[in-house]
Every structure is written in C-alpha cells, then in structure tokens.
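A short write-up of the structure that comes next.
The values are calculated or read from the model by the stated rules, or taken from the named source; none is laboratory data. Since we're looking at a predicted model, the values are computed, not measured. A quick note on method: Cβ atoms are made from the backbone with ideal geometry, for glycine too, and the neighbour counts reach across all protein chains shown.
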Amino acid sequence: MTSLSTAARLPPVLTIFAYGFRPFFLLAGLHAALSLLAWVGVLQGWLEAPAGWPPATLHGHEMIFGFASAALAGFLLTAVPSWTGSGPLRGWRLAALVSLWLAGRAAAAAGAEPALYAALDLAFLPGLFACVAPGILRASAKRNAVVLAILALIWAANAGTHAAMLGAGFVSARWGNEFGLALLALMIALIGGRIVPAFTIGGTRMAGRPVEIAATPRLDRAVMAATAAWAASLALDLPGTAVAIAAALAAIANGARLLRWRTPATLRIPLVWVLHAGYAWLVLGLAAAAGAWIELWPKATALHALGAGAVATMILAVMSRAALGHTGRKLVAAAPTAAAYVLVTLGAALRVIASLIAGDTQLLVAAAGLAWAAGFALYVAVYAPILLRRRADGRPG
C-alpha cells in the first residue's frame, strides 16, 4: 500500500501537520533567516549573544544541528514513506516531534543552562530516528539503512559538542561541529547522487531539451568511500595532513561525478541548476578543506563553503522543489524563488571571500549574512502560503 492511499484513510488534521515536510521546511527557512539576522546583529554589536556558549560556537552549532536538522527531518519524513510505502507521520505525533525541535531552539535563544540546553536539544534526533527507522528497516530493500547510520552519527556529533560545553575533556566543541558538518556533506553526496541526475534528466525533458546521464555505480561507490573517509578523518581527529589528503580525494571524486551531470543544460531551469550549484559548493568546500587543514588558508573558508554554501544551497533546492511537488503544484520556480537561490549563493560566496581577506571584513561579513538571510526570508515569503494550505489538487498530504 502506498503512503498516499494510507493517508487517504486517515482522519483530517491541521494542514501544517498533514505531512512532515510542511512544518519542518517552514521552520528551517524561518530559523535560517532569523538566526543569521541575529548573528549579524551580534557581530555588529547591536545585539547581545545568548549566555552559556561562546557566540561563534553557538552560531555554528545552531546552523548545523538546528537549521540543517529541521530540513533533514522534513526531507526524511517525506522521503521515507515514498521509499518504503509506509504511512506518513502526521497529526499530534508530528506536532510532538516539532515541539522537540522547538524546545532545543528556544533553549539556545534563551541562553539556557548548558545541561538543560543539552537535554532538550539532544532529544530531537532520537525522536526523528524513532519515526523513520521502522519504515526503513521493514522495507525489502535495505539500501536506505545507511541514512539511519548517518543520522545516528549526527546525533553523536551533537552530543560531543554538548559534552564539551559541559566540561568533558575527551572531545571539543570544534570537533562536534566539524564532524556534524562533515556528516551533512556525506548526506549530500548520498542523496545528491540519486536526485541530481534524476531531476536533471526529468527537468531538461520537461523543458524540451532532454539530456541523458549514464549510471556510474563504480564512481558512485568511490564518491561515498572517499567522502566517508574524509568524515572519518575528522571523527578520529587525525593530523592535518591526513585530513587534507582525504578531503582532496573526496573533492576529486565528487568533482568527477559532477562533471558527468550535464550542468550547462540546466542553466535555464532554476529548480535544477540550484541542485548543481549546491553540489558544486560541496566540491569547492572539500577542496577548500584540503588546503585549510594544511594551513594554506583559514578553516573558516572551508567551513563556510560547506555550510553556508553546500548544505544551505542543497537544503533550499530540495525544500523548494519538494514543497511544490508534494502539494500538487507545477515544478516551476517562480522569479522570487530563483532570486532566493541567487541571494543564498551570493551570501555564501561573500562569506568565503571574507575569510580569505586579512584586513577588516566586518562590513563584508555583514553583507554576506544579510544576503544569505534575505534568500531564506524570500523562500519563507513564497512558500509559507504553500506549506500552510491544502494541496492544490485536493489530494491528501
């Protein structure tokens, strides 16, 4: 039985809690925009950072384990029913999971005691795991079980950051944030390897300029092995040279994959080219990590290329496309959506450039943050009505 037919037999619920992508895609966009505006305010001295954590550590943590975790939840709660034919999480159960995420964000914003922040924040990903694991593990094809492994490791990275802030001496907050970001990059390599070529083929066909992309299973395995090895090098806190070599190999493998995906054919199709842009940021971020870990340039260059660039762009790409498709609307990006893509890309690029400049970059960093936040604010303005209303075709979900 498909998830759609299952949903059709369920009682009606508030539209926002009818499917997992609805609340989490909306909250991810809101969190991205508001958090970056607040961070710019802190950097400019207009706002005071919440107490309890070093401001930069909290900023990175909330981007990785707050913003990205919400987007990941929306994606998995929508994709897993499609992968497995299981029923979607909806109604009060979905509302309860949303409440767990909100509790963590409220604790961060309020500057709660580190122990309370840890308890609230660390409850969310196990809740998400409990919601998606049964469907994946019951499915006849177990290829998606790797998603559960990555999800568990993201929780472990988050726990490491909190442990460090609680005084544990065996890990550092830097370790937790960097490992968490690497795991998100690994998730992009995994999921992007499936959806980017598929959506490129479908999008160019719909545009009347079809392209074909041949399957490359050996290259795909090499990409996953190389990217996982790089993430493992960070998890093990290996010497900088070892991390740099692993990052370089991952950049080469992912770059070779991207070159086969016919990017020039997508440049007039915003819903598709933004996926390619996100994956290009991944390649750039891995290459930047190779140089950063042997001190050719600051680590901030790599971290922002991967975070503000790859993770944020791919999240925006997937959220904007899935929200249209799963609400019965045409897969066409309106002009404001394309503008949001450009703003987020511009913001990421400016932030990476700022990290490479030795002088005063306060205004450039502020411009980067404002552009990036404006991109997600524009996404919210366009997609909030879509996410809060029933499907355009009248079907459930």
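For the range 299-326, a residue qualifies if it is closer than 17 Å to residue 289 by Cα and of a type outside the set (Gly, Ala, Ser), and the qualifying residues are 299, 301, 303, 304, 306, 311. Residues that are part of a helix (DSSP H, G or I) and either touching a Gly at 6+ places or on another chain (Cβ under 8 Å) or over 26 Å from residue 232 (Cβ atoms) (or both) do occur in the range 136-148, at least one of them. Pairs please, first residue from the range 144-172 and among the acidic types (Asp, Glu), second anywhere and part of a helix (DSSP H, G or I) and modelled with pLDDT under 95, Cβ atoms under 9 Å, 6+ apart in sequence or on different chains. Going by the 9 Å Cβ cut-off, there are no qualifying pairs.
Within the bounds of the range 306-322, is there any residue that is surrounded by fewer than 17 Cβ atoms within 10 Å (Cβ to Cβ), under 21 Å from the mean Cα position of the chain (by Cα) and on the phi < 0 side of the Ramachandran plot? No, there is no match, as no residue in the range 306-322 is surrounded by fewer than 17 Cβ atoms within 10 Å (Cβ to Cβ), under 21 Å from the mean Cα position of the chain (by Cα) and on the phi < 0 side of the Ramachandran plot. The residues on offer are 20, 87, 60, 52, and the sole one that is touching a Pro at 6+ places or on another chain (Cβ under 7 Å), small (Gly, Ala, Ser) and buried (at least 19 other Cβ atoms within 10 Å of the Cβ) is 20. Criterion applied to 34, 47 was being surrounded by fewer than 22 Cβ atoms within 10 Å (Cβ to Cβ), in a helix (DSSP H, G or I), of a type in the set (A, V, I, L, M, F, W, C) and out of contact with any Ser or Thr (no Cβ under 7 Å at 6 or more places or on another chain), and the one residue passing it is 34. Going through (1) of a type outside the set (A, V, I, L, M); (2) surrounded by fewer than 16 Cβ atoms within 10 Å (Cβ to Cβ); (3) at pLDDT 95 or above one by one, residue 359 falls short only on (3).
Among the residues here, residue 164 qualifies as part of a helix (DSSP H, G or I), modelled with pLDDT of 95 or more and surrounded by 16 or more Cβ atoms within 10 Å (Cβ to Cβ).
Scanning the range 237-249 for residues that are assigned to a helix (DSSP H, G or I) and touching a residue at least 40 places away in the same chain (Cβ under 8 Å) gives 240, 241, 243, 244, 245, 247, 248.
Could you tell me whether residue 180 is within 23 Å of residue 60 (Cβ to Cβ) and touching a Ser or Thr at 6+ places or on another chain (Cβ under 9 Å)? Taking the combined requirement at face value, the residue satisfies it.
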